[in-house]
Structure formats: structure tokens, C-alpha cells
1. To one decimal place, what Kirkwood hydrodynamic radius in Å is obtained for region 437-562 from all pairs of distinct Cα atoms?
2. Taking 1 over the mean of 1/r across every pair of different Cα atoms in region 5-140, what Kirkwood radius in Å do you get?
3. Quick one: order 581, 161 by neighbouring beta-carbon count within 10 Å, fewest to most.
4. Region 3-68 to region 146-189: how many Å between their Cα centroids?
5. So how tilted is helix 175-195 from the main axis of the chain? Cα-based, degrees 0 to 90, rounded to 10.
6. With unit charges on the beta carbon (Lys/Arg positive, Asp/Glu negative), name the residue among 52, 78, 38 whose Cα is farthest towards the positive pole of the charge dipole of region 34-157.
7. Work out how much length residue 388 to residue 56 would gain on full extension: take 0.36 nm times their residue separation and subtract the Cα-Cα distance, in nm to one decimal.
8. Give me the percent of DSSP beta bridges within the chain that run antiparallel, rounded to the nearest 5.
Amino acid sequence: MKYWSQTFIPTLKESPADAEIASHKLLLRAGLVRKLAGGLYTYMPAGLRVVQKISQLCREEMDREGGIELSMPFIHPADNWVEGPRWPAAREIMYRVDHAGAGKGRSKEPEFVLGPTHEEVITPLVKAEITSYRDLPKNFYQIGTKFRNEIRPRYGLMRAREFIMKDAYSFDANDEAAIVSYNKMKRAYTAFFTRCGLKTIAVEADTGVMGGSFSHEFMVPAPVGDDDVIYSDSGYSANREKATSGIVPKDLADAAPAGALEEFATPGIVTIAALAAAPYNVAPDKQFKTLVYMGDGKPFLVVLRGCDDLEQAKLGVLGFQLWRPATPEEIEPVMGAKPGSLGTVKGTIKNPAALAGIFADHAVRLVGNGTTGANKDGAHLRNVNVVRDLEITKFGDFRTVCAGEPDPKSGQPLQIARAIEVGHVFILGTKYSEKFGAVYTDDQKQSHPMVMGCYGIGISRTLQAVVEQSNDADGIVWPWNVAPWQVLVVNLDPADAACTELCLKLAQAAEAAGADVLIDDRAERPGVKFKDADLIGLPLRLTVGGRGLKEGIFEFKWRTSKEVRKVAIAEAESAVAQAVREAAAKS
């Protein structure tokens, strides 16, 4: 047990001005963290206890599914990353490590970087240590600090520059075995978040800079989340970057041409909205939108309906390491016109040989015959038929889905909700093992690259997600398993020996039953103690002193309930022990 006077819980009456969301405010007001600088936080004693509890729950579930814990350095040789498959993209979010002598005749490239994750470290390690199929499968994990160069750190621990993460890496002999490892991790994650008291949704996700074949994110529904969850009542769910819809029927027949191509003047018309207005009156869903992007230094085109938005993350399927919107200066020499008058009608592009490809979203087939830019400033073309007229390298899914569209499996309307990502699981395939030469020899003495998976849980983000999901107007409402302490014994009269003795007896009973106990022994007014009790939000509060002590009773209150029970002192120890055991069993 711990006495309040012997630890440090610096509660605040008011929220700091820079705290934007409920959980961030409560982390600060309840004395769990303190800000050092943007995206950098000190974990105060109570906050550290929560981190340790969440970490232990994670460790137990990883171990249950065969995980093997180790600890790797967070300072990495930059050469490991340069050798790996994602240096051009990852370097943008990484901190470099400078040291004595840096810059004196050295390369502009850093010698060391701070790791945001550890694929580039674990893969060479496994290459050196594992060579036979007899040593597979293996799944290594660690819990430690990571670093990410967030341009706009915000929301406290939600988007921090330094954070605590559990990262794991599986190595298998083939795809079938890798899927077994992947499903074990999904099962471990589901159990872990349940034990943390979090309601999560596992959604299909984009693999992003990590690469790989498929992945799932574990999302906590919350209005302040950074991500959108797209879902339907049928059970379909995906994040915004991965979500698809059934808006294009699988049996859609392409429209026949409806008239000859016709160029018409559109002076000053450079937006979808302007072309939709009088006197042109071309509805957005009857327009073709042409976007120019640069992929690894070479331009490529993306064609959408005028009413659709591009989901940039979906461009990852095209195989580029890096991509970005092209500038007007990069567009005109290729297309022959400025943005606003662009199109992909055959024969109208000034320098088609410069393009890495022309990629159209499946939904442009719904337009059939529409209007697009003529690749002449101030001119458009009408009666443009998708099959007859458009120059398209490949169709794909590139658009952002919208609420109300049919889901791709059942046709139920899609819904959109904000959510916080707290975990992510990937099948990486052989992307990293091939780069680093992590191979094994099978029983026929044949060599094969190991099939990898990687799995991350934001430990510090999980802490804040719990607070965001479990709070009320008075403060935090901790789930039993992750509360810094589970039972708070409030001593209303620390100077009274009988009161102090009963507080100790209750605390010992709770502790013997398996609870972590905090005794509030401060010389403060009852109102202050009750306010702080609600603010820090421990699950069970036992109050001793005042008139109740004279009447032979103490108060018994769960943080989730308004009810205050009066319990006879004669029943104190048994009542407390039973309550603790029941709470632990439910969690």
C-alpha cells in the first residue's frame, strides 16, 4: 500500500490552457504527466504506475501466444536503414543523432538515428542467429521508447515525439505459417485491450510505409480520434485509407459512346465547381478529374470522378517509394496546360512519354460519357467516353469512400466514425528478409527468405485512450486492471488514532485480497479529498471518519456509481475483501 503523503500526486483545479481534449486535460489535472516540451512528457508517479500495469498486461498476453521478450537499442546505425527498403520515406519522420565531431568533414547523411520502430535492427539480428527451419517460427517483442519527428505534436500522448511502444516481429518459414503467427497476435491484442477495459474495433488497414500484404488496426471509437473508421451494420470495417465500397457494380457494363468529342471554350474555369455552375451546368459526377503526381521523381496521372476525392494512401499500391502532388511548374511541360484544364483523352497530352502511368479509379466507369480538360488552357472536351477516348494504364481503387455508399460485401450503408489507433498488426512478407538476406535452409537444404510479420501497440497511447473513453464530469473512471491504485482509503481525521487504525485495517484487507491500495492521509478538508478522489478516479473508495466512525460505520463507494453504502465496521474486512475479489474476477 502507499500513503498519499509519501508519494506525489500533484492534482490541478483547472486545466492548462494548451490541453485541448478531455483525456489530455485529465492526464494533467490528475497529476499523471507533466509536459516538458511539445510532444515530450514526464510520467509522474501515478502515470508511471499505469504505464507499468498496461505494459505488464501486454507482456502477459504476448507471452501467452508464444512471444519472446528482448530489448534492442533505440539508437540505430543509419546504414541499417539505408540498406533497408524504406529509407527514403522513413527518414522524414526520424531524428538523427549528432555527436562530438559531427559535421567536420562528415557526410551530410547521419551516422545514427533514433528508432521509430525496429525492423531494420531485428532482421539483421535474426539473419545472424537463425539459419535452419528447425528454429522457426519465432516471435520477438520488446516494450520500450520510440521516437518520431512529429511536425505538429498534439493531444498529449496521442501524437507525441517520444512514446512507449510494444513492437513485435515474427519470422516464419512460409505464408501459411505467417498467417498463423498473425492470427495469434490478433488474438493477443483482442485479449489485451479487453483487459485494459477498452472497447476496440479491429479494422482492415493500409500497410503504409511499412509495406507488406495486409494489416489490421485496433481502433478506439472517440470523437477526437485522428482516424476514420468506415463500417456497416453487417460487420464490415476498415480505416479510411483502406476502405472500399460497392458503388461500382461488379457486373457494370461500360457505356457506349454518346456523340463525337467536342471541344468548347471555358475561359477562367479551373475548378469542378465552376464547371458545374451556369452556363456550363456539368454536374460533378459527369466530370473527369485529372490529378498529376510525382512518384519517385517521375510524373503520373490519377483520374477520378469530379465528385470524388483522392485517398492518397491508396497510391501505395502503385509501387512508388515516395509520391506527392506535382507543382504547376512540373505539370505544364508534360500536359501542355495548367491545372484546371487537364485531361487524359488520347492524343491531347503534350509529352505522354514522360509519364510513369495513367491510373483511373473504378468509379470513372460510372461516368461513361463525360467532360474533361482538353490540355489547353481555357478549354474542355465533352462527350468523352471512358473506353473510346481515355488513355488509361490501369484501373484501381483510389477514391475516398463516403457515408451512405454500400459496403463491398453486403451492400449495407457505410457509416463513418472517428477513432484512435492503439494497435496495428502487419503481414510483411519477405520485403525485409530479402533486403537483409534473412534466409533459412529447409529439410532439402534449399534456402528461402523468412516470411515476416510485425505488430505494434502504443502503450502510452493506450493509457490516454483509456482516459478518453473512461471519464465523466468529475474526472477519470479507471478500469480495475489499469488503475494506478484500485482502492482509495480516505482518512477524514488523520490525527485520530482510531480513525487511522481502521483505515489501515481496511487497506490491509483490500491488499490481502489482491488490490493495490492508496491511503489519503493528508491533512486536508473532506471536500478537497473527495474532489481529488473523483479526479484521480480509483475504482473503489472507502471513507473513514466523522459521524460515521462514531456510529460504527464507514462509507463504501464505487467510482462508477453515485450510490454510497454504509457498512458496519464489524463487517469491514470481509466486505472489502469480497468486493476486491469480485472486481478482479469481472476484469
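Values quoted throughout were computed directly from the atomic coordinates according to the rules given, and no laboratory measurement underlies them. Remember, predicted model here, so these are calculated numbers, not experimental data. Note that each Cβ is placed from the backbone with ideal geometry, even for glycine, and that neighbours are counted across all protein chains shown.
1. Radius from the Kirkwood sum: 17.5 Å.
2. 19.0 Å
3. Numbers: 581 13, 161 18.
Neighbour counts put them in this order, fewest first: 581, 161.
4. Here the answer is 20 Å between Cα centres.
5. Once rounded, one gets 40 degrees.
6. Result: 38, furthest along the dipole toward the positive end.
7. So the extension gain works out to 113.3 nm.
8. Counting only bridges with both partners in the chain, antiparallel ones make up about 80 percent.
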